[in-house]
Amino acid sequence: MPSATAAAPQVSAFHHRDTGTWTYLVADPATRAAAIVDPVLDFDPRSGRTGLDSAAPVLERAAADGLRIDWLLETHAHADHLSAAHALRERLRAHGHAPRLAIGRRIGEVRRVFAPLFGLPDDASDERPAAFDHLFDDDEGFAVGALPARAIPVPGHTQDSLAYLIGDALFAGDSLFLPDSGTARCDFPGGDAAMLYQSIQRLYRLGDATRVFVCHDYGKDGREPACETTIGAQKRGNLHVRADTGEAEFVALREARDRTLAVPALILPSLQVNLRGGALPQPEANGVRYLKLPLDQL
Ligand SMILES: [Fe+2]
């Protein structure tokens, strides 16, 4: 989707059908610098097999367009899919790129909540090398080539949730879904519907023309999965929170809906690797890597 103005990145979207996740390749047309947002590692829970088949087209597209990947951006510690960021960092480094793998600084809070479940240290002292190259502060500015960018805190779904504003394009993470699908759930440990409401108000203060790219779409009522809308369209028509929706109304609706939702199928595999940017556990003495399945904890 190339765009005419200098502040508009070229955005390519890749849908992961198994988990309804959108991965984005975000490029500055002027400098050919680029970021990859929320890449997905394939994971078959039946066989335990992981793979990069879904992430490979992102790298192929970047190579075909002559892009230099400077950033691997995680919007939050996902609970529904494994991140491919760590694996892509290795692969990109092998091909001469120097991407920085980044997430919000409050990944530390998420880690303190979930690390004990997996017997991991509750800080990052076990990481060799460090899982993340950069931890964004709230509203920290950065750049993708010549495009100005900012990490906007959107806690509520998780404590560490960020939305990335790159030029005129907002990568919303798990905050707003498409207008017909509403918002992200807030019932994980550390989640908070009132906090998500306040986060969405922060996004609604962006200009109405701001392009919004969602983290997930499940193709509501049989329509094709889609990924793009605008702040103006959200304010006018979001299923859960419009410009004039009050906090108490949203919180009641969100919490009622969350009481009906099942635990995500991949929450246990996902969190234990996504706390570390998608780095799989080290192999044991037999050379095999294992994930843990804590019993009777969730
Ligand atoms: Fe999420």
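The values are calculated or read from the model by the stated rules, or taken from the named source; none is laboratory data. None of these values were measured; they are calculated from a predicted model. Cβ: placed from backbone, ideal geometry, glycine included. Neighbour counts: every protein chain shown. Areas reflect the complete protein model, heavy atoms only, side chains present, ligands, DNA and RNA absent. Shrake-Rupley method; radii C 1.70, N 1.55, O 1.52, S 1.80 Å.
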- Message: What does the net charge come to around residue 235 if you take all other residues with beta carbon closer than 9 Å to its beta carbon, with K and R at +1 and D and E at -1?
- Response: 0
- Task: Calculate the length of the line joining the C-alpha centroid of segment 231-254 to that of segment 77-110, in whole Å.
- Result: 31 Å
- Evaluate the distance, in nm, between pseudo-label points positioned 7 Å from the Cα of residue 296 and of residue 146 along their respective Cα→Cβ axes. 6.3 nm
- Task: Which order do the peptides 155-165, 29-39, 49-59 take when ranked by the mean count of other beta-carbon atoms within 10 Å per residue, highest first?
- Result: 155-165, 29-39, 49-59
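Where does the chain land at 222 nm, in deg cm²/dmol rounded to the nearest 500, when only DSSP H runs of n ≥ 4 count, each adding -39500 (n - 2.57), divided by all residues? The partial results should precede the final answer.
Numbers: 7 runs with 70 residues, N = 298.
Per the formula, -7000 deg cm²/dmol.
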- Whole-percent carbon and sulfur contribution to the accessible surface of the chain (1.4 Å, no ligands, DNA or RNA) stands at 52 percent
- Item | Loop trypsin sites (Lys or Arg not before Pro), segment 137-207, which have at most 13 other Cβ atoms in a 10 Å radius of their Cβ (DSSP) | 205
- Sequence ranges 117-125, 289-297, ranked by mean other-Cβ count within 10 angstrom, highest first: 117-125, 289-297
- Estimated dipole of the chain in Debye, rounded to 20 [Cβ of Lys and Arg +1, of Asp and Glu -1, Cα centre]: 340 debye
- Compute the relative contact order of segment 80-201 as a whole-number percentage, counting only Cα pairs closer than 8 Å that sit 6 or more residues apart in sequence. 19 percent
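How much accessible area per residue does the chain have, counting only protein heavy atoms and a probe of 1.4 Å, in square angstrom? Numbers along the way, then the final one.
Working: 12990 Å² over 298 residues.
Here the per-residue accessible area is 44 Å².
Chymotrypsin sites (Phe, Trp or Tyr not before Pro), restricted to segment 120-155: which are DSSP loop and have at most 10 other Cβ atoms within 10 Å? Provide the component values of the computation, followed by the final result.
Numbers: sites: 132, 136, 142; in loops: 132.
Here no chymotrypsin sites (Phe, Trp or Tyr not before Pro) fit, given the DSSP loop and packing criteria.
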- Query: Pick from 198, 282, 234: which is most flexible by mean-square fluctuation in a GNM of the chain where alpha carbon atoms under 10 Å apart are linked?
  - Reply: 282
- Quick one: if you stick a label point 7 Å off each Cα along the C-beta vector at residue 243 and residue 221, how many nm between them? 2.4 nm
- Expressed as a rounded percentage, what relative contact order does segment 10-274 have, with Cα pairs under 8 Å and six or more residues apart? 17 percent
- Query: Put a dot 7 Å past each Cα toward the Cβ at residue 228 and residue 44; how far apart are the dots in nm?
  - Reply: 3.4 nm
- Message: Just to verify a number: FRET efficiency for residue 60 and residue 208, C-beta to C-beta distance, R0 = 35 Å, to 0.05?
- Response: 0.50
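Quick check for me: using +1 on Lys/Arg Cβ and -1 on Asp/Glu Cβ, what's the dipole size of segment 68-199 about its Cα centre, in debye to the nearest 20? Don't jump to the answer; show the numbers that get you there.
On the way: 12 positive and 20 negative charges, 91 e Å.
That gives a dipole near 440 debye.
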